[in-house]
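*Asks:* Here it is, the structure, as structure tokens.
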Amino acid sequence: MNRFVDPVLIFVLLLNFVVLGASRIRTMIQAVAVQGALLGILIMLAHGSFMFIGVMMALVAILLKGILIPHMLFRAIRDVAIRREVDPLVGFIASLFLGAGGTGLAVLFSRTLPIIHADTGTLIVPAAVSTVITGFLILTTRRKAITQVVGYLILENGIFVFGLLLMDAIPLLVELGVLLDLFVAIFVMGIIIHKINKEFSSVNTHMLSELKE
């Protein structure tokens, strides 16, 4: 594995904490955009070469994760006129502690997995598991629908990082399919956010309880 992979993964982990501790939704989206661009760079680093197919995969990942999807989310927050995540289910400081605990557990968990020797000394598995945990925390502890979309993006980023271990075994077309599924999912979520705001003049997901008969 390329020696530059671990330094990039450290930045990915730091961005997880930025998202956990941020109250401004714009800051969270910017952090996820940078994280998505770093994942595109990781594709080329994991391959250890700049072959055409690897470069194309990296460019697609950067375009979707780092530019297109964040642009859609920025447009969404302009349309619904919100700026901050207010009154989360778990406070921002507590979220940071939970994220730190999840990262520690991810490091311990990675040592128990039967992976090849070449990958045991890298941060791929700890970073992947930690990022998945971070995404899950955002999904379950934030009230705004847009913030939960950010959580879904981070969770998918963790799965994407874990897929780097299988880069040689899984065809790149499968990775392209994952990126396409991500784009479609965010597009659908954007429509849902618009509908929630139109009906309730709010994007708090707890308002959906009013739909019960």
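*Asks:* Taking the stated definitions as given, is Ile29 modelled with pLDDT under 85, buried (at least 23 other Cβ atoms within 10 Å of the Cβ), assigned to a helix (DSSP H, G or I) and out of contact with any strand residue (DSSP E or B) (no Cβ under 6 Å at 6 or more places or on another chain)?
*Replies:* no
*Asks:* Further question: Tell me yes or no: at least one residue of segment 61-70 is surrounded by fewer than 22 Cβ atoms within 10 Å (Cβ to Cβ), modelled with pLDDT under 85 and within 17 Å of Ile159 (Cα to Cα).
*Replies:* yes
*Asks:* Being more than 22 Å from Val161 (Cβ to Cβ), in contact with a helix residue (DSSP H, G or I) (Cβ under 7 Å, 6 or more places away or on another chain), of a type outside the set (Lys, Arg) and at pLDDT below 80: is that true of Ala46 here?
*Replies:* When the stated conditions are applied, Ala46 does not pass them.
*Asks:* Moving on to the next point. Give the residues of segment 147-166 that are surrounded by fewer than 17 Cβ atoms within 10 Å (Cβ to Cβ) and modelled with pLDDT under 75, sorted by residue number.
*Replies:* Within segment 147-166, Leu166 is the sole residue that qualifies.
*Asks:* Out of segment 83-106, which residues are surrounded by 20 or more Cβ atoms within 10 Å (Cβ to Cβ) and outside any helix (DSSP H, G or I)?
*Replies:* The one that is surrounded by 20 or more Cβ atoms within 10 Å (Cβ to Cβ) and outside any helix (DSSP H, G or I): Glu85.
*Asks:* If we keep just the residues of segment 167-181 that are over 23 Å from Ala76 (Cβ atoms) and touching a helix residue (DSSP H, G or I) at 6+ places or on another chain (Cβ under 9 Å), which is modelled with the highest pLDDT?
*Replies:* Filtering segment 167-181 for residues that are over 23 Å from Ala76 (Cβ atoms) and touching a helix residue (DSSP H, G or I) at 6+ places or on another chain (Cβ under 9 Å), the one modelled with the highest pLDDT comes out as Met167.
The values are calculated or read from the model by the stated rules, or taken from the named source; none is laboratory data. This structure is a prediction, so every number in the text was calculated from the model and none was measured. Virtual Cβ from ideal backbone geometry, glycine too; neighbours counted across all protein chains shown.
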